[in-house]
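Before any comments, here is the structure.
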Amino acid sequence: MSHPRLALVVGAHGGIGHEACLALSRHGWRVRALVRHPPAAPADTRVEWQIGDALRLPDVLRAAEGVELIVHAVNPPGYRSWDKVVLPMLDHSIAAARANHARIMLPGTIYNFGADAFPLLDERSPQHPPTRKGEIRAEMERRLRAAGEEGVRSLVLRCGDFFGPRAGNNWFAQGVLQAGRPVQGIRYPGDYAIGHSWAYLPDVAEAMARLLEHEDALADIETFHFGGYWLDGHAMLAAIRRASGNPRARAGRFPWWLAQLATPFHETLRELCRMRYLWREPIRLDDGKLRALLGDALYTPLDEAVRAALQGAGCLPTPLSRSACAGT
């Protein structure tokens, strides 16, 4: 009798880590979560919570014993200390994957691309990031490729800006909207006429889990692009108006000038301003390779996704129950 495969999710309290727990459980995986603070009353009993720190190699090695997959979904909140902790945490996941002959799954971003790769990004687009955060993202993928030469398998799923049913450190909940308040308008970060890529977190996690069901078709070092929704500001505003039930929600603009004034004192705003270039040009991810393997049924209807995100941000009443595997 075969036993369910075991996966370790590093960063299970985050948006994509949380959704990865749910998606992997739905697809028959046993899930172990490495967190510094486990939930007092876990909502999902299928998840095995293990206390530890992704910055401590012994903690990661202990949590990874016997796993076939490591989902590396851990990120410092608010862009803090990226240059000090991001790469060491990935190195620990690589070491744990090597010790267990496991595959690493990394949710990727568009930060590791510069203007020379825009507007359409495919898996082979050049990576010449103009920011330090983008350089770190590119280095993460370089280290995965280097580890692949030593037999460590990896899978990168690159996405646009995340949003989802849990409020988090993302543009949708913290920039476009005012979390915790009814929708009266939006603060769009770019030109309303320019398209931008958005990735609904439950869809990202589902695609990750489905990709892992095609292990025989995957290369040892593999990358896919997740197209998600390609929307200009007018289309995003229209979706928010429909989902919120407020057809008069205002078309405002994000106050970049105010964020710029605060950059000497606020690390998160300082990093946001450095990434502003991503809102100045149309950026779209080519998901042809992903569709060729998984088919076209990849994305939740836009209005449904936006409504769930508004609920998660506290802008709409939240359903009384929601299965989850995250805590405080």
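Any read-out appearing in this document is the output of simple, stated calculations on the displayed coordinates, not a laboratory observation. Note that the structure is a prediction, hence the values are computed from the model and not measured. Note that we place each Cβ from the backbone using ideal geometry, even for glycine, and neighbour counts take in every protein chain shown.
In this simple spin-label model, placing a label point 7 Å from the Cα along the Cα-to-Cβ direction at both residue 184 and residue 250 gives a separation of 0.7 nm. Relative contact order for the chain: 21 percent, from Cα pairs under 8 Å spaced at least 6 residues apart, divided by residue count.
Charges were assigned to the Cβ only: +1 to each Lys and Arg, -1 to each Asp and Glu. The resulting dipole of segment 246-291 about its Cα centre is roughly 220 debye. Summing +1 for each Lys or Arg and -1 for each Asp or Glu among the other residues whose beta-carbon sits under 13 angstrom from that of residue 290 gives -4.
Neighbours of residue 233 by Cβ distance under 12 Å: Lys/Arg scored +1, Asp/Glu scored -1, total 0.
I'd like the antiparallel share, as a percent to the nearest 5, of DSSP beta bridges with both residues in the chain. Among the beta bridges of the chain, antiparallel pairing accounts for roughly 10 percent.
Other residues with beta-carbon under 15 Å from the beta-carbon of residue 256 carry, at +1 per Lys or Arg and -1 per Asp or Glu, a net charge of +4.
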